[in-house]
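In what follows, a structure is listed as structure tokens, so that the remarks can point back to it.
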Amino acid sequence: MALSFETDQGLSSRAALGLIVLQTDETIESEFKWMIDLDDVCLYHSRVPSGEEVTQQTLARMEAEIPRAVNLLPSGTPLSVIGYACTSGSAVIGEDRVAKAITSARPGVATTNPISAAKAALQALGVKRPGFITPYVADVSLALRDNLEQAGFVISGFSSFEQIEEKVVTRISPHSVLDGILDIGAGQDCDGVFVSCTNLRVGSIIEEAEKRLSKPVISSNQALAWHMLRLAGINDPIAGKGSLLKTLL
């Protein structure tokens, strides 16, 4: 006997968000689940092949793989926005090229990435002279620094863990990240701190860092989650996870 049924709008009646996660990323899915805890807002993940080492070459190779990763996202519901979750990759490939790669597979969808999101976040919080922390080797960090400076931000201080292997980056302890934030954020010229990389575990220490510095602290994952929500028209303030997630675009 065939069962009768009715349909509703599904899990994502407010917004459906698509996230392209690096094959080597072990952090962002957990942090996004913690940051985006809203009824009727659903997050769908896909993975894109990426290198075990973070170099300009491995980052650039991802561009060709992005459309295939987008095509693995659910097609049964319209996606409000798709985020490509690689800060350094977005700088090396280019933000416009990342957006083009996404929309070649899903025309008309809104797109973002962590570096675009971070710049929007810095502007929304009024940060003009950020301290800047990365886990990367020098040439990858330089590409990101150049990107921020070309957007008009003045880097008040810079430090890096100088790691090339993703499996090391994801195992840098949040306490070590906090120490770095407090050190770079203590500068008198610094009016906020941006911590780059979706694979660094930053979410759990943002509130403590902001309280101790009395300055905004932004991470790649936090900025991307915030930007995706705001682009999707979700303006709910989210408490306890940093000042950014209580801020409008």
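Assorted remarks:
- At most 15 other Cβ within 10 Å, DSSP loop - GluC sites (Glu not before Pro), the stretch 61-111: none
- The stretch 65-91 versus the stretch 114-133: alpha-carbon centroid distance in Å: 22
- Of Leu125, Leu38, Leu213, the one that fluctuates the most in a GNM where the chain has Cα springs shorter than 10 Å: Leu38
- For the options Pro114, Pro135, Pro67, a Gaussian network treatment of the chain with springs between C-alpha atoms closer than 10 Å singles out Pro67 as fluctuating the most.
- Summing +1 for each Lys or Arg and -1 for each Asp or Glu among the other residues whose beta-carbon sits under 9 angstrom from that of Glu166 gives -4.
- Size of charge dipole - the stretch 59-193 - debye, nearest 20, with Cβ of Lys, Arg +1 and Asp, Glu -1, no other charges: 500
- Shape box of the chain [Cα atoms, principal axes, largest first, Å]: 71, 38, 32
- Global form of the stretch 127-249, assessed from the alpha-carbon gyration tensor, a/c cut-off 1.5: rounded
- When the pairs Lys33/Lys100; Lys167/Lys241; Lys128/Lys167; Lys100/Lys211 are compared against a 30 Å limit on Cα-Cα distance, Lys128/Lys167; Lys100/Lys211 fall above it.
- Neighbour cut-off at most 14 other Cβ (10 Å), DSSP loop, GluC sites (Glu not before Pro), the stretch 144-227: Glu162
- The stretch 172-249 and the stretch 1-56: distance between their alpha carbon centers, rounded to Å: 21
We did not get these values from a lab; they are worked out from the coordinates using the rules stated. It should be emphasised that the depicted structure is a prediction, and the values quoted were computed from it without experimental measurement. Don't worry about glycine lacking a Cβ; one is built from the backbone with ideal geometry, like all the others, and counts go over all protein chains shown.
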